[in-house]
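Peer 1: Okay, here's the structure, questions in a sec.
Please treat every number below as a calculation from the coordinates, not as lab data. This structure is a prediction, so every number in the text was calculated from the model and none was measured. Counting neighbours? That spans all protein chains shown, and the Cβs are built from the backbone with ideal geometry, glycine included.
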């Protein structure tokens, strides 16, 4: 069984896989980080029950919780639109830029 600390480390790694820094990375890095790693990890490590457990343990606060849920939901919406599932869309669409900014904001708020 995975410990709470390991879950939290996976949560932080998931947040690191996504961010505005990707806009200057290679196409392969963007594809790998968002469409391979993040797309799987967002389901597991930004799961609302897991986030609430982190909140209960004081590992995150309400702002991080809300932004993490928003990040997860926005990604799941983007994933449903085949036209937005490309590196070009990540670099140009406002929806993707919003998602990357939310990830940046969460990363800045982390304190544990």
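Peer 1: Restricting to the stretch 1-31, and then to whatever is in a loop (DSSP other than H, G, I, E, B) and exposed (fewer than 13 other Cβ atoms within 10 Å of the Cβ), can you tell me which residue is farthest from the chain's Cα centre (by Cα)?
Peer 2: Of all residues in the stretch 1-31, those in a loop (DSSP other than H, G, I, E, B) come to 1-3, 17-19, 25-26.
Subset that is exposed (fewer than 13 other Cβ atoms within 10 Å of the Cβ): 1-3, 26.
Working: 1: 23, 2: 20, 3: 20, 26: 19 Å.
This residue is 1.
Peer 1: For the stretch 50-64, state whether one or more residues are assigned to a loop (DSSP other than H, G, I, E, B) and within 21 Å of residue 28 (Cβ to Cβ). Steps first, answer last, please.
Peer 2: First pass over the stretch 50-64, keeping only residues assigned to a loop (DSSP other than H, G, I, E, B): 57-61.
Filter once more, keeping what is within 21 Å of residue 28 (Cβ to Cβ): none.
No - not one qualifying residue is present in the stretch 50-64.
Peer 1: Taking residue 69 as meeting all but one of (1) within 20 Å of residue 95 (Cα to Cα); (2) without any contact (Cβ under 8 Å) to a residue 24 or more places away in the chain; (3) more than 10 Å from the chain's Cα centre (by Cα), write down the number of the exception.
Peer 2: (3)
Peer 1: Just to check your reading of the model, which residue among 102, 40 is on the phi < 0 side of the Ramachandran plot, under 11 Å from the mean Cα position of the chain (by Cα), without any contact (Cβ under 8 Å) to a residue 24 or more places away in the chain and part of a helix (DSSP H, G or I)?
Peer 2: Details: 102 fails: without any contact (Cβ under 8 Å) to a residue 24 or more places away in the chain.
Step by step, each of 102, 40 is checked, and only 40 is on the phi < 0 side of the Ramachandran plot, under 11 Å from the mean Cα position of the chain (by Cα), without any contact (Cβ under 8 Å) to a residue 24 or more places away in the chain and part of a helix (DSSP H, G or I).
Peer 1: Which number in (1) assigned to a helix (DSSP H, G or I); (2) touching a residue at least 12 places away in the same chain (Cβ under 8 Å) marks the one condition that residue 83 misses?
Peer 2: (2)
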